[in-house]
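In what follows, a single structure is set out as structure tokens and then discussed.
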């Protein structure tokens, strides 16, 4: 390796200086450096990339291979490049309403005592990385780096502990691996999609004035982003996508992602009972008995009876905002596991993809979010990674960020769990799609959680009967005059000649016509009584069944296996004596304790083909040392679970200690059970 390009920035100058010294006097450098230089001679790039070297003798006369000023500038340029990679998100233009970025002096060249002219005279190698590829000088490389990290999309990767993952993420950004140049057909489809999303909300706003719907307007790109993730799940051969979200945008997701018909949704508005004298809240007022329309869930199969056959589920969620988070994790884990065979359940994390959509105030504010994030890498709760999208309105009801969180970004909580974060401006459609492509690819590659912070705004109040200008007058003055993402995207396509102005104008009218017809259909037919056919797992028995009897011989056989373990496993001697006493308790003297009775009951259930999952704080041993379902060797890290080795078992047994959590762990098990 003779090429000086191996060494970046100040390192190159230092190596050349050492080499000059070596040439003058080999003993002036250490033995290892002598051996390196003995077979090395520098191939110096062009002058624009590396200033010419000056021999050591000239240095003694007050000159240098790199002058003090040059070395300082190289160090400064390298530090600037590193700052942009690490803190570029602080200078990113993420707010569709145009507020200035937070900023950081570390992102400015003058902080380091250099100018753009200085950067223009330096090699792009001082910047290094993908931004230097094809650049003529350091200034071009720095500008390319700013475009990557301080545009309408930005990234936070330094908290990711794995070097392999950081390198993958840097490559994804620097090589533009997930940028797609949209075809004419792609652009037209996206415009049509944005038109459907916007017109749906406008129609509801005009037709059912004052009724709450928790509009998606301001983060409209959430729907195409979900479309993109689902398309990625199909390509990855996933079989199921499970989504959890609060009520903001849920009706639009139901209509355009889950395929719930406009007629059905409009019927729920038109035929909803108006409860008099009931205060307006998220759960009462207009809505169906049982729950309101913007809390309901749905299920949709894409490509039914075709090769695709992807099932997409939106879980119902009451007004508890983020409480659905661990529920989705449990649902995903249950779907991923095969529990029909004895032993440990088999898990295919690629089968089911969980997606969680959070509110920007709720993400840092609701403790259940942190509890759920903490589950991501625990073996009893791992689901192969969840894609988190923060639907960031920059406002929590009437509370501004500075009053609702102690961090600069709504997503900062995720940094504590070493998760990569992608920030994106909700008014840049293509950047939004890049964000979720990277997120899904990262989840596919590393099976870890990833966060997308979708920064938008809320066009109306917390609900459509609320007046936001009472508390945020300036923000809502800006929102009133701010064009929708559909309007700006349509304008750009007209300018590019992809669609004509006439076509752009006609699309909303066509979408309105579809909704008008759905409204007529809804008015002509009363909403059918909704019945649940059940899923076969949660049924009400008309009468109690008498459990089948188990013979004494069978229980004795179970007991023998439960108090046995491999010869190469040496349990604690005191515990071994306790378990050995259980071998005699089925005789005439009795003495069965609670833990033994439980273990025998579990064995009989497994023999009947019913899988068991047992979790909780200290569940493996039992809080009062009564269970001891997991045996630990005192000689190594080996463990043995007798209930996973029963000869008669026809279903899986799993047992896990939970984290010290109440809400998260409980929600996960609820989700697992449904």
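Please treat every number below as a calculation from the coordinates, not as lab data. All of these numbers come straight from a predicted model, not from anything done at the bench. Counting neighbours? That spans all protein chains shown, and the Cβs are built from the backbone with ideal geometry, glycine included.
Per residue, what volume in Å³ does the Cα convex hull of region 552-673 take up?
Values: hull volume 14.2 nm³, N = 122.
That works out to 116 Å³ per residue.
Summed over qualifying helices (DSSP H, 4 residues or more, each -39500 (n - 2.57)) and divided by its residue number, the chain shows a 222 nm mean residue ellipticity of -12000 deg cm²/dmol. Values of log10 I(q)/I(0) for the chain across q = 0.09, 0.10, 0.11 Å⁻¹ run -0.91, -1.03, -1.14, by the Debye formula with one identical scatterer at each alpha carbon and no solvent. Per-peptide packing, taken as the mean over residues of other Cβ atoms within 10 Å, places 510-516, 88-94 in the sequence 88-94, 510-516 from highest down. Please work out, to two decimal places, the log10 of the ratio I(q)/I(0) at q = 0.11 Å⁻¹ from a Debye calculation in which every Cα of region 135-219 carries one identical scatterer. These q points yield log10 I(q)/I(0) values of -0.60. Divided by 2.2 N^0.38 Å, where N counts the residues, the Cα radius of gyration of region 385-485 comes to 1.21.
Relative to one another, the C-alpha centroids of region 465-518 and region 617-659 are positioned 58 Å apart. Reported to two decimal places, what Rg/Rh ratio describes region 174-260 when computed on Cα atoms with Rh from the Kirkwood expression? So for region 174-260, dividing Rg by the Kirkwood Rh gives 1.02. Normalising the average separation of contacting C-alpha pairs (under 8 angstrom, six or more residues apart) by the number of residues puts the relative contact order of region 552-673 at 30 percent.
Sorted by packing (mean other beta-carbon atoms within 10 Å per residue), highest first, where do 216-228, 600-612, 625-637, 363-375 land? Each step should come with its number before you reach the end.
On the way: 216-228: 24.8, 600-612: 17.8, 625-637: 14.8, 363-375: 21.9.
In decreasing order of mean packing, 216-228, 600-612, 625-637, 363-375 become 216-228, 363-375, 600-612, 625-637.
Order of 390-400, 335-345 by packing, highest average Cβ count within 10 Å first? Before the final figure, lay out the partial values.
Numbers: 390-400: 20.5, 335-345: 17.3.
Packing order, densest peptide first, comes out as 390-400, 335-345.
Taking 0.36 nm per intervening residue step and subtracting the Cα-Cα distance, what contour gain separates residue 404 from residue 470 on full extension? So the extension gain works out to 21.9 nm.
A simple spin-label model places pseudo-atoms 7 Å from Cα toward Cβ; at residue 545 and residue 512 they are separated by 5.9 nm.
Which whole-number percentage describes the relative contact order of region 90-136, with Cα contacts under 8 Å and a sequence gap of 6 or more?
Values: 23 pairs, mean separation 9.9, N = 47.
About 21 percent, as a whole number.
Take every pair of alpha-carbon atoms less than 8 Å apart whose residues are at least six positions apart; their mean separation over the length of the chain yields a relative contact order of 14 percent. Here the gap between residue 379 and residue 158, fully extended at 0.36 nm per residue and compared with their Cα-Cα distance, gives a gain of 77.1 nm. Label-to-label distance, residue 480 versus residue 525, with points set 7 angstrom from Cα along the beta-carbon direction: 4.2 nm.
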